[in-house]
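*Asks:* Structure in structure tokens, see below.
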Amino acid sequence: PNQAEKDNPTVYANNVQKYMARALGVPATTYEYEGSQPVNVTGHLKLPLEPVIWNVHKLLKKEGFNPKPVEDYRDICEKEGWKVGLQKMASLLSMPVTSGLEFMFQHYDQDKDGIIDFREVVLGLAVRDGKLTTEELLDLAFKLFDAEGHGRMTEDVFAAVLRSLLGLTSIDVSRLWREVCEDGLVEVSQDDFRKFALSHPDYRKLFITYMRPPGGQSTERVRRQNGCVQDGQRHEAFSSKNHYINGVAPSSNHTRE
């Protein structure tokens with residue numbers, strides 16, 4: 001192993017996997033199986049192969065949803081507040097209460113109190129739209145959740161941002177947070193957050209490939225481990241027809257594909 005592989009066992013394991021894949025003439029993936037369903041393993045996280053919220057957005061599109069620019073939603077909610085119920089969300093999105101909208105609301109209303117944080121909806125719409133670069137999405141996330149302009153992010157905010165960016169509702173970020181927030185600090189700066197998202201050897205692919213929608217319109221050019229992704233295209237390893245309710249796969253023993 002080279003020095004980078006000695007310093008990071010995950011890098012070493014990934015490189016061994018790629019070497020074996022080349023020898024066998026097959027693609028290298030980060031899949032594991034939970035029961036009969038494949039999941040993508042990234043660091044400490046196990047994720048559905050495609051963000052569940054994308055299915056919700058597809059359903060809304062079929063129902064005629066035409067989103068406004070993100071700035072419009074942001075301006076309205078900064079005046080009226082981010083905590084909204086189903087009727088208020090429908091009003092903000094200029095839609096009737098359809099089955100797709102109810103499903104979307106339930107996706108975000110995980111504590112079932114009838115109230116959601118509309119910032120998560122706005123950020124999810126921005127991700128699905130695909131027009132913003134990864135850097136722009138990260139900056140937008142920070143601005144949305146750093147309402148008072150402190151320039152710092154707590155673990156709770158970090159969790160909310162990740163849920164929104166990755167289209168998930170059930171995600172444990174405690175171990176991830178410890179990697180981001182070094183030396184026992186309780187907050188991270190915007191620069192530290194961007195550095196983590198764009199350069200961490202294990203998690204950067206979440207931000208530069210996993211959360212990029214198929215056929216996205218972003219013109220950024222980003223590198224991936226097994227080649228190059230351009231103009232918002234995503235690696236085939238993240239594309240699948242398999243989805244999970246709220247991003248949770250059935251619990252079972254798993255094997256590496």
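The values are calculated or read from the model by the stated rules, or taken from the named source; none is laboratory data. In this text, all values refer to a predicted model and were calculated from it rather than measured experimentally. All Cβ positions, glycine included, derive from the backbone under ideal geometry; neighbour counts span all protein chains shown. Please note that ligands, DNA and RNA were not included when accessible areas were found on the heavy atoms of the full protein model with its side chains. Shrake-Rupley method; radii C 1.70, N 1.55, O 1.52, S 1.80 Å.
*Asks:* Report, to the nearest whole %, how much of the accessible area of the stretch 1-125 belongs to carbon and sulfur atoms, 1.4 Å probe, protein only. The partial results should precede the final answer.
*Replies:* Working: 3470 of 6540 Å².
C and S atoms contribute 53 percent here.
*Asks:* Regarding the stretch 74-216, what is the average projected area of its C-alpha convex hull, in nm²? Walk me through the intermediate numbers first.
*Replies:* Values: hull surface 36.3 nm².
Approximately 9.1 nm², given one-decimal rounding.
*Asks:* Counting other Cβ atoms within 10 Å of each Cβ, which GluC sites (Glu not before Pro) in the stretch 106-195 have at most 15 and sit in a DSSP loop? Walk me through the numbers before you get to the answer.
*Replies:* Numbers: sites: GLU120, GLU135, GLU136, GLU148, GLU155, GLU179, GLU182, GLU187; in loops: GLU148, GLU187.
When the GluC sites (Glu not before Pro) of the stretch 106-195 are filtered for loop state and at most 15 Cβ neighbours within 10 Å, GLU148, GLU187 remain.
*Asks:* Please give the per residue accessible area of the stretch 73-193, computed with a probe of 1.4 Å over protein heavy atoms only, in Å².
*Replies:* Working: 5680 Å² over 121 residues.
I get 47 Å² per residue for this part.
*Asks:* Send over the per residue convex hull volume for the stretch 10-109, Cα only, as a whole number of Å³. Each step should come with its number before you reach the end.
*Replies:* Values: hull volume 18.3 nm³, N = 100.
Looking at the stretch 10-109, the number lands at 183 Å³ per residue.
*Asks:* Next up: Check each of the trypsin sites (Lys or Arg not before Pro) in the stretch 96-160 and keep only those in coil by DSSP with at most 11 other C-beta atoms within 10 angstrom; list them in order. Walk me through the numbers on the way to the answer.
*Replies:* Values: sites: LYS112, ARG119, ARG128, LYS131, LYS143, ARG152; in loops: LYS112, LYS131.
Here the trypsin sites (Lys or Arg not before Pro) that fit, given the DSSP loop and packing criteria, are LYS112.
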